[in-house]
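Notes to accompany the following structure.
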Amino acid sequence: MQNQITEALKAKNYYALAMQAAVQMNQGKGEGVLSALQVQSAATDSDYLDLLQYASSSALKEEPKIGLYRHALLIEKGYEKVGNFFKARLAEYRHIFKTAEIQNFGQNNLARARDQQAKISPEICIQIMQEQAAFIFFHGMMRPLYQEMAVLEHLRKNKPEAKYLDYGSDNGDLAILASMYKYDVTIAQAEGRLLDAVEKRLKLRQLKAKTLPLSPSVALPELPMYGYDIIALHNMLANTNEPFALIEECRAGLKHDGLLFVGRYPFNHKLGGIIADSAARQQSIIDYLEKHFIRLGNSGLFRKI
């Protein structure tokens with residue numbers, strides 16, 4: 001297992017690293033399994049900061065604001081006292097997905113589900129999300145959306161009251177934070193285990209949000225015209241072969257001067273998503289966004305024209 005963890009780190013295969021660390025933790029020997037030098041030389045810029053802090057006994061330096069975001073995401077009683085964020089996130093995952101065996105799922109299953117489809121449609125995308133709910137949620141718990149949370153903190157200061165649509169954020173981190181900020185939150189997510197899991201996270205924190213279930217029969221819902229001040233659009237642009245239709249639906253659903261928050265994809269992050277990716281595809285989405293919105297800096301925030 002030690003060799004597997006080391007190899008996963010060298011390859012920057014954080015899916016495998018997270019699953020192996022979770023198995024090790026159950027055996028009481030996962031923390032500190034990697035030396036600080038190993039982690040610092042291989043992955044100091046990783047999004048999987050909390051996983052790497054666990055694997056190296058908190059040897060990595062990090063920005064002070066990360067601690068504030070951690071506290072926000074561990075707000076329910078007792079979780080912030082666990083002493084290690086990775087342990088707390090895994091405990092929450094196991095609380096919600098009691099029967100899922102971490103060793104028996106992963107990115108390979110997601111890739112196989114993708115490869116089995118001759119043509120990926122929005123309907124098939126939702127079907128795959130339903131079938132792979134446990135892994136999608138696990139992955140989201142291991143990679144807290146700190147970059148996205150920084151943008152939401154900026155929004156909170158500049159738009160303290162808003163109707164907020166969280167569209168497909170896997171484990172619901174941003175919906176939770178937006179609810180804590182007293183936004184009027186709606187969550188669009190694949191119905192079934194994934195949406196149920198996000199609702200359980202909200203309930204743990206005594207927060208409330210409306211839900212907009214996505215299903216193979218309603219993979220691209222018709223949003224209420226001018227219904228939202230902010231729409232956060234997550235990995236769905238990478239996981240649909242109709243990204244422009246999705247952008248247009250969001251544009252119709254935004255109020256005048258409403259804000260669209262598009263995360264890492266298609267700007268600086270290749271997801272290896274359900275749709276085959278290409279530089280040309282990414283650029284065409286960026287061009288479309290910049291044609292129909294005003295981009296605010298480099299944060300992924302767009303104001304509706």
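The values are calculated or read from the model by the stated rules, or taken from the named source; none is laboratory data. Please read all numbers here as calculations on a predicted model, not as lab measurements. All Cβ positions, even for glycine, are placed from backbone atoms using ideal geometry, and neighbour counts span all protein chains on display.
Residues that are in contact (Cβ under 8 Å) with a residue 24 or more places away in the chain, more than 20 Å from Met141 (Cα to Cα), part of a helix (DSSP H, G or I) and out of contact with any strand residue (DSSP E or B) (no Cβ under 8 Å at 6 or more places or on another chain): does the stretch 231-244 have at least one?
Yes, the stretch 231-244 contains at least one residue that is in contact (Cβ under 8 Å) with a residue 24 or more places away in the chain, more than 20 Å from Met141 (Cα to Cα), part of a helix (DSSP H, G or I) and out of contact with any strand residue (DSSP E or B) (no Cβ under 8 Å at 6 or more places or on another chain).
May I ask you to verify whether Leu202 is in contact (Cβ under 8 Å) with a residue 12 or more places away in the chain and assigned to a helix (DSSP H, G or I)?
For Leu202, the condition - in contact (Cβ under 8 Å) with a residue 12 or more places away in the chain and assigned to a helix (DSSP H, G or I) - is met.
Assuming Arg112 fulfils every condition listed in (1) over 18 Å from the mean Cα position of the chain (by Cα); (2) outside any helix (DSSP H, G or I) apart from one, which condition is it?
(2)
Would you mind stating whether Asp287 is crowded, with 17+ Cβ neighbours inside 10 Å and among the charged types (D, E, K, R)? I'd like the intermediate steps shown before the answer.
Details: crowded, with 17+ Cβ neighbours inside 10 Å: no; among the charged types (D, E, K, R): yes.
Answer is no for this residue.
Table: residues versus (1) assigned by TED's automatic domain parsing to the domain that holds Arg251; (2) among the hydroxyl-bearing types (Ser, Thr, Tyr); (3) in contact with a strand residue (DSSP E or B) (Cβ under 7 Å, 6 or more places away or on another chain).
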residue	(1), (2), (3)
Leu155	yes, no, yes
Asn158	yes, no, no
Ala188	yes, no, yes
Glu191	yes, no, yes
Val198	yes, no, yes
Lys203	yes, no, no
Gln206	yes, no, no
Thr211	yes, yes, yes
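Every residue in the stretch 1-57 that is within 14 Å of Phe86 (Cα to Cα), among the charged types (D, E, K, R) and touching a Ser or Thr at 6+ places or on another chain (Cβ under 8 Å), please.
Correct list: Glu31 only.
Within the stretch 277-300, how many residues turn out to be in contact with a helix residue (DSSP H, G or I) (Cβ under 9 Å, 6 or more places away or on another chain), at pLDDT below 95 and among the hydrophobic types (A, V, I, L, M, F, W, C)?
1
Is one or more of the residues making up the stretch 87-102 under 23 Å from Glu7 (Cα atoms), free of Cβ contacts under 8 Å to residues at least 60 places away in the same chain and in a helix (DSSP H, G or I)? So that I can check it myself, show each step before the final result.
So in the stretch 87-102, the residues under 23 Å from Glu7 (Cα atoms) come out as 87, 90, 101-102.
Cutting the leftovers down to free of Cβ contacts under 8 Å to residues at least 60 places away in the same chain gives us 101.
With the extra rule that they be in a helix (DSSP H, G or I), the set shrinks to none.
No: the stretch 87-102 contains no residue that is under 23 Å from Glu7 (Cα atoms), free of Cβ contacts under 8 Å to residues at least 60 places away in the same chain and in a helix (DSSP H, G or I).
Output the residue which, of all residues in the stretch 208-224 that are in a loop (DSSP other than H, G, I, E, B) and charged (D, E, K, R), is nearest to Leu254 (Cα to Cα).
Among them, the one singled out is Glu222.
So, in the stretch 125-174, how many residues would count as being farther than 22 Å from Lys65 by Cα, outside any loop (DSSP other than H, G, I, E, B) and over 14 Å from the mean Cα position of the chain (by Cα)?
9
List every residue pair whose Cβ atoms sit under 7 Å apart, with the two residues 6 or more apart in sequence or on different chains, where the first one lies in the stretch 64-82 and is in a loop (DSSP other than H, G, I, E, B) and the second, anywhere, is at pLDDT below 70.
Leu74/Glu80
Determine if the stretch 152-166 includes at least one residue that is modelled with pLDDT of 90 or more, in contact with a Lys or Arg (Cβ under 6 Å, 6 or more places away or on another chain) and of a type outside the set (Val, Ile, Thr).
no
Among residues belonging to the stretch 206-248 that are surrounded by fewer than 18 Cβ atoms within 10 Å (Cβ to Cβ) and among the aromatic types (Phe, Trp, Tyr), point out the one that is nearest to Ser179 (Cα to Cα).
That would be Tyr226.
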